[in-house]
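Engineer: Shown below is the structure under consideration.
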Amino acid sequence: MRDELTRFHQAGVQPLGVNPASVEAHVRYATKMGFGFPLLSDADRDVARSYGALKPDGRGIQRTVYAIGRDGRIAFAVRGAPAPASVLAALES
């Protein structure tokens, strides 16, 4: 997402990341990696649980990409790291 951020913004899309790391850890990581989008802390893993992204052990997180349309509906949901073009295409349809 980082490398395609301009494309997302041109499409009116705001990427963000969510994981259990602390806010402070996110700030350090985002700075180190040059992220230009928010990273949200899900310390209790409530968001991961709600979106079915917890691993069977209940602690680990399965990388999952969701795209939520302006209408609040999930337009895209894929485990792993899909191509940004796939995410954008789902939002355009």
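Engineer: Out of region 1-10, which residues are under 12 Å from residue 88 (Cα atoms), in contact (Cβ under 8 Å) with a residue 24 or more places away in the chain and open to solvent by 60 Å² or more (accessible area, probe 1.4 Å)?
Structural biologist: 1, 4, 7
Engineer: Restricting to region 48-67, count the residues that are under 20 Å from residue 91 (Cβ atoms) and open to solvent by 50 Å² or more (accessible area, probe 1.4 Å).
Structural biologist: Here the count works out to 3.
Engineer: A follow-up question, please. Among what's in region 11-39 and is under 25 Å from residue 92 (Cα atoms) and hydrophobic (A, V, I, L, M, F, W, C), pick the residue that is surrounded by the fewest Cβ atoms within 10 Å (Cβ to Cβ). Break it down into steps so the answer makes sense when it comes.
Structural biologist: Start the filter on region 11-39 by keeping residues that are under 25 Å from residue 92 (Cα atoms), which leaves 11-18, 35-39.
Filter once more, keeping what is hydrophobic (A, V, I, L, M, F, W, C): 11, 13, 16, 18, 35, 37, 39.
Values: 11: 13, 13: 21, 16: 10, 18: 19, 35: 17, 37: 15, 39: 17.
Here the answer is 16.
Engineer: Pairs please, first residue from region 11-38 and among the β-branched types (Val, Ile, Thr), second anywhere and not in a loop (DSSP other than H, G, I, E, B), Cβ atoms under 6 Å, 6+ apart in sequence or on different chains.
Structural biologist: If the second residue must be not in a loop (DSSP other than H, G, I, E, B), the pairs left are 18/40; 18/47; 23/41.
Engineer: Under 9 Å between Cβ atoms, at least 6 apart or on separate chains: pull out the pairs that start in region 59-75 with a residue that is in contact (Cβ under 8 Å) with a residue 12 or more places away in the chain and end on any residue that is open to solvent by 50 Å² or more (accessible area, probe 1.4 Å) and among the β-branched types (Val, Ile, Thr).
Structural biologist: Taking only residues 6 or more apart or on different chains, the pairs are 61/18; 64/78; 65/78; 66/74; 66/78; 67/74; 75/68.
Listed here are the residues, each with its yes/no results for (1) under 17 Å from residue 1 (Cβ atoms); (2) out of contact with any strand residue (DSSP E or B) (no Cβ under 6 Å at 6 or more places or on another chain).
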site	(1), (2)
18	yes, no
33	yes, yes
37	yes, yes
43	no, yes
54	no, yes
58	no, yes
67	yes, no
76	yes, no
82	yes, no
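The values are calculated or read from the model by the stated rules, or taken from the named source; none is laboratory data. In this text, all values refer to a predicted model and were calculated from it rather than measured experimentally. Cβ coordinates were reconstructed from backbone atoms using ideal geometry, including for glycine residues, and neighbour counts include every protein chain displayed. In case anyone asks, the SASA skips ligands and DNA or RNA and just uses the protein heavy atoms, side chains included. Shrake-Rupley method; radii C 1.70, N 1.55, O 1.52, S 1.80 Å.
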